[in-house]
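The values are calculated or read from the model by the stated rules, or taken from the named source; none is laboratory data. Keep in mind that what you see is a predicted model, and the values were worked out from it rather than measured. Here the Cβ is made from the backbone with ideal geometry for all residues, glycine too, and neighbour counts use every protein chain on show.
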Amino acid sequence: MILNAILNGILYGGILALLAIGLNLMFGVVQIVHFFYGQLLMIGLYIIYLLVVGMHIPFFLACLIAVATVVAVNLLSHLMVVNPLLKAPLINQFLAMAAVMVILENLCLVIFGATYKGIPIILPILKIATIYIPISRLIAFVGSMFFAGLIYLFLKKTYIGLAIQAVSQDREIASFMAINQRLIYIITMALGAALAGITAAFFVPIYSVHPDFGGPFTVISFVIVVLGGMGNLPGGFLAAFIIGTVTMIFSTLLSSEFGAISAYLLFLLIIIVRPQGLLGIRART
Amino acid sequence: MLKVENVYAGYSEYKILQDISMEVPIGKTIILVGPNGAGKSTLLKTIMGTAKLTSGRIYFNGKLLNNKKTPEIIEIGISIVPEGGRLFQELTVFDNLRIGSYPKRARKHYREQMDKVFQLFPILQSRQKQIAGSLSGGERQMLAISRTLMSRPELILLDEPSQGLAPKVLVTLFGFVKEIKTQGYSLLMVEQNMRKALELADYAYLMESGCIKFHDEKTDFLNSYSIKKAYLGI
């Protein structure tokens, strides 16, 4: 039974890892606390629901449109809210992002109502000896790892990817490399949102969406990002698996509430002992 | 090559540079010396576009540079080795060099440029995969200079390259700068270590309180400087 929990925990962690990468990128590069990240995920799910159930658009096309929409929403927020406030006091940034979060949630409440909306895609559960693996989670895991791999290659092998790393490490000097900071911000915001949209696509067979769907995912993404070391991508990756497995193990042994309690308790313990996170370095300027 | 005419510049309304005029002829090494706070770094930053020019003109090969954005200025052919090197600490030596060739003018030639850099500084080749933050002080300056070379500049600005280096390393550092000089680059160097810098210079400017107090060719500079110092108490 423990083995089952660990395996499912790894699957869960892998899915969270992709979300964490999106948040980490935006945090490291643009240096904003993206309070409505979970809401982007929620919007992605709602758009897919609307297109597939409401307009009978084929699933894959709906996913593509959803990713594009989520990217558009984030870029719009970037241009109208985030960018103008980059030099403002941090508290202004926090509150503005929180305001966008409330607006997005309530918009969805108005448009879609409070009931859970799901797309009836039921996938089988794989049974190997005593291990149960939902195919939906397996696909989500494989897909997340695939996109994580793509992001890795992008960051390491392309000039823009290298520029993104440079800006997140030393913004001022990056401009001495002829890097256009504004452009890198926009690309990073688009990338972060795209990862939320892609995760939404993988979430379709697993979750039903409702206007409060985003909040817990924002929190858990932040926890993973901070646990791994803010802006530290390998750290976030590792932290995602730790959080995923701990959650699953205690969910299985006790209950899903204890799954959450254990994960967050572990986070608190680690962060108190090591404030910079697992792989984080001391505070950067 | 570079002409600075009657420039007033600073970071906000407070103007640090007062009526600065100087030039860097092609292939020459020009140094700026002077006490702390004289505005030497500010002049470099103004040329690079990170400090605001409020009055005056800066020309590069006849092109007016006034308040152009920094990436544009780099594409035109001016690059800077910033104070302290300012490497990307978490990237490898190789990646630091590669990001140096980010400007469009440098991208196609990055392999060629990297070979040149490795010929100049073989240690960097052997340490390619190492994280920049783990290099020694002298190696870091080597990498900082090389990263700037990767952008294929015509004019290289150096902001206090000797800062923070042990005396033994200083000798090697100025050896690197001499090497760059013989490769034909035009250099504009800000230095506290006047004596060492003057060995490399073709021409020198003395700055103080945002003004150019004195300038002359290298050979005459030291002599005249000591005299001025005695009489004017600079």
Check on A:G229, within 14 Å of chain B (Cβ to nearest Cβ) and in contact with a Phe, Trp or Tyr (Cβ under 6 Å, 6 or more places away or on another chain): no
Pick from region B:84-102, criterion under 16 Å from the mean Cα position of the chain (by Cα) and not in a helix (DSSP H, G or I), ranking: surrounded by the most Cβ atoms within 10 Å (Cβ to Cβ): B:G85
Test: residue in region A:46-57 that is farther than 17 Å from A:V71 by Cα and surrounded by 22 or more Cβ atoms within 10 Å (Cβ to Cβ): no
Candidate set from region A:133-192 (those that are outside any helix (DSSP H, G or I) and within 14 Å of chain B (Cβ to nearest Cβ)); member that is surrounded by the fewest Cβ atoms within 10 Å (Cβ to Cβ): A:T158
Tally of residues being assigned to a helix (DSSP H, G or I) and either of a type in the set (G, A, S) or on the phi > 0 side of the Ramachandran plot (or both) across region A:41-64: 3
Candidates B:K178, B:K168, B:K196, B:K213 - the one that is out of contact with any Pro (no Cβ under 9 Å at 6 or more places or on another chain) and not assigned by TED's automatic domain parsing to the domain that holds B:T46: B:K178
Conditions (1) at pLDDT 90 or above; (2) in contact with a strand residue (DSSP E or B) (Cβ under 7 Å, 6 or more places away or on another chain); (3) over 17 Å from B:S41 (Cα atoms): number failed by B:S126: (2)
Filter result (loosely packed, with under 14 Cβ neighbours inside 10 Å and in a helix (DSSP H, G or I)) within region A:228-285: A:P234, A:L253, A:S256, A:E257, A:L265, A:L268, A:L269, A:I272, A:V273
Residues of region B:204-214 that turn out to be touching a helix residue (DSSP H, G or I) at 6+ places or on another chain (Cβ under 8 Å) and surrounded by fewer than 18 Cβ atoms within 10 Å (Cβ to Cβ), as a count: 1
Filter result (surrounded by fewer than 22 Cβ atoms within 10 Å (Cβ to Cβ), in contact (Cβ under 8 Å) with a residue 12 or more places away in the chain and out of contact with any Ser or Thr (no Cβ under 9 Å at 6 or more places or on another chain)) within region B:13-34: B:S21, B:M22, B:E23
Tally, over region B:82-105, of residues that are small (G, A, S) and more than 9 Å from chain A (Cβ to nearest Cβ): 2
1 or more residues among the hydrophobic types (A, V, I, L, M, F, W, C) and over 27 Å from B:L149 (Cα atoms): qualifying strands (runs of 3 or more DSSP E) within region B:1-83: B:2-10, B:15-24
Residue, nearest to A:T158 (Cα to Cα), within region B:115-140, restricted to residues that are assigned to a helix (DSSP H, G or I) and within 14 Å of chain A (Cβ to nearest Cβ): B:A132
Members of region B:141-193 that are touching a Lys or Arg at 6+ places or on another chain (Cβ under 8 Å), in a loop (DSSP other than H, G, I, E, B) and within 14 Å of chain A (Cβ to nearest Cβ): B:M150, B:S151, B:R152
